[in-house]
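The values are calculated or read from the model by the stated rules, or taken from the named source; none is laboratory data. Being a predicted model, the structure only gives us computed values, none of them experimental. For neighbour counting, all protein chains shown are included, and Cβ atoms are generated from backbone atoms with ideal geometry for every residue, glycine included.
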Amino acid sequence: MRESVLSIVVIGRNEGPRLARCLESIRDMCHPDGHVELVYVDSGSNDGSAQRAARFGPKVIELLGGKLSAARARNAGWQAASAPFVFFLDGDTIVDRDFVVRALPEFENPRVMVVTGHRREIRPQASIYNRVLDLDWLFEPGFTEYCGGDAIMRRTALEQAGGYNASLIAGEEPDLCWRIRANGGLILHIDAAMTGHDLAVVNWRQYCLRAIRTGHAYAEIADLYGRTADPLWSQASRHNAIHGSVYMFAPIAAVTAATLDRSWVPLLLLVLGALGLILRTALRTRRRRTSLSTLILFAIHSHVQQVPIFLGQMRQWLNSRQGQKSALIEYKNG
């Protein structure tokens, strides 16, 4: 058996044609010198994803029973892989054909343990949600605190950090990167296209569920590391909790005040305050170099999402107090 230089681990759950598109992009990418190993891990799909993936010749692992999560699937994938570098991909992505050959030389620096690149939405025109959330993927290149789900990692870094925390239903990558950095490793975001992503959020319910999952992750990660010298997401969690609660209760307070005073002034002040916040955020994010309408929509999203994020945090806090673990929060349709 040939020794692999790179293992590509794809995880998926009911991704359907998106999974086939992902595996086709891997087949068509520029491969590094040496053998590339492909592993697909399926998390209880009922749409024939495992059978669809098998046609592309990977090692297929099907997770059945127990608590399903991206973290558990990625652990199963890298533990079954053999190469010194592991490229993690989600089944709803397509890989840029040149990313691997651009990223692997960065590991010549022995302290670099993770290399990631730019992720962008494949179909931003498919919905107003895709269009706005596409801007959430924009990060400055350079050394960073954590990566997303798509990244190349040294196998030794995974082993030393103990892999992903399979008890987490979200936020597993920042959690792992915290432990990698604690071991002296570096996470590098290079200025190169890495993956196209198919968010497939087309309605308000999906948008809210995704934000609730984000809030859950912020609260759980902040609780894990809040008392350490590197309190990952603690400040962001407090920020979201304050803003989310204010945004939730401010309209109620304004309506109550308007009713008691029999005046439109409280409602007018509420509207003017909201418009001011939106305008300020749009101005601050103009460096994202997109249309004015998209900037305004992104500014609205930046504030509106705080409410479901806060609800996700409350859900995690309540579960934690009751000693319960949250179930998987799924927002995407199969």
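How many residues are in contact with a helix residue (DSSP H, G or I) (Cβ under 8 Å, 6 or more places away or on another chain) and either buried (at least 23 other Cβ atoms within 10 Å of the Cβ) or among the β-branched types (Val, Ile, Thr) (or both) when one looks only at region 93-115?
7
Among the residues of region 5-19, write down those that are of a type outside the set (A, V, I, L, M, F, W, C), in contact with a helix residue (DSSP H, G or I) (Cβ under 9 Å, 6 or more places away or on another chain) and surrounded by fewer than 24 Cβ atoms within 10 Å (Cβ to Cβ).
Once the filter is applied, which keeps residues that are of a type outside the set (A, V, I, L, M, F, W, C), in contact with a helix residue (DSSP H, G or I) (Cβ under 9 Å, 6 or more places away or on another chain) and surrounded by fewer than 24 Cβ atoms within 10 Å (Cβ to Cβ), region 5-19 yields Asn14, Gly16, Pro17.
Pick from Leu328, Leu232, Leu224, Leu277: which is outside the structural domain of Gly184 (by TED's automatic domain parsing) and more than 22 Å from Leu176 (Cα to Cα)?
Leu277
Tell me the strands (runs of 3 or more DSSP E) entirely within region 1-83 that contain at least 3 residues that are hydroxyl-bearing (Ser, Thr, Tyr).
Here the list is empty.
Is one or more of the residues making up region 184-194 modelled with pLDDT of 95 or more, touching a helix residue (DSSP H, G or I) at 6+ places or on another chain (Cβ under 9 Å) and closer than 22 Å to Ala219 by Cα?
Taking every residue of region 184-194 in turn, none turns out to be modelled with pLDDT of 95 or more, touching a helix residue (DSSP H, G or I) at 6+ places or on another chain (Cβ under 9 Å) and closer than 22 Å to Ala219 by Cα.
Only one of Ser293, Ser302 is among the small types (Gly, Ala, Ser), assigned to a helix (DSSP H, G or I) and in contact (Cβ under 8 Å) with a residue 12 or more places away in the chain; which?
Ser302
Just for region 149-183: of the residues that are under 18 Å from Leu232 (Cα atoms) and among the β-branched types (Val, Ile, Thr), which one is modelled with the lowest pLDDT?
Step by step, filter region 149-183, then rank; the result is Ile169.
From the list Ala126, Ala192, Ala151, which one is hydrophobic (A, V, I, L, M, F, W, C), under 27 Å from Lys325 (Cβ atoms) and not assigned by TED's automatic domain parsing to the domain that holds Arg288?
Going through Ala126, Ala192, Ala151 in turn, just one is hydrophobic (A, V, I, L, M, F, W, C), under 27 Å from Lys325 (Cβ atoms) and not assigned by TED's automatic domain parsing to the domain that holds Arg288: Ala151.
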